[in-house]
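Report on one structure; see the data block that follows.
Read-outs: derived from the displayed coordinates by stated rules, not from any lab. Everything quoted here is computed from the prediction, not taken from an experiment. Cβ sites come from the backbone with ideal geometry, for glycine too, and all protein chains shown count toward neighbours.
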């Protein structure tokens, strides 16, 4: 029972960390990366779908993405979706290939994105701490129902805290790595 609670907390904390990585992948660092367009949706024959379901996204060079439409009639819709996204990109169309040159980030924009990265990291830390609180609450319920001893409760509380500390350190590493990417030119 105690192990199940700890395992559940560990799994949920890992999911929070994965979610942070996914969110940070959307933040542009100045280098071209296909994940930059993951959250862009396009109207594909009446359905709102991610761009990856209507075209292939690849890296042409360090500062250029290439979007190849699977259907020639979708080129205009893809171009419009990219232009109206919050990324501030200006695509250039050549036949069925849409090239997206990534402008270099200004120092001001880098600082702004650094704040966003830091904020995402803090949100993830809060989520991890909430998971710790839930796990400790479950332990207290088991203690209250006399299903575990006080010694088991104290021991498991320490173990849950160790799991939490490990995940907080991992969050800090992921955030620091992304902040470093933003600073690198």
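Annotations
- Burial order of peptide ranges 143-154, 172-183 (average beta-carbon count within 10 Å, highest first): 172-183, 143-154
- A simple spin-label model places the labels of residue 94 and residue 47 3.2 nm from each other, with each point 7 Å out along Cα-to-Cβ.
- In terms of surrounding Cβ atoms within a 10 Å radius of their Cβ, 83, 13 rank from fewest to most as 83, 13.
- The helix-only estimate of mean residue ellipticity at 222 nm for the chain, built from DSSP H runs of length n ≥ 4 each weighted as -39500 (n - 2.57), is -20500 deg cm²/dmol after division by the residue total.
- R0 of 41 Å, Cβ-Cβ distance residue 140-residue 119: FRET efficiency to nearest 0.05: 0.85
- Separation of the residue 112 and residue 71 label points, Cα + 7 Å toward Cβ, nm: 3.5 nm
- Gain on full extension, evaluated as 0.36 nm per residue between residue 157 and residue 21 minus their Cα-Cα distance, stands at 46.2 nm.
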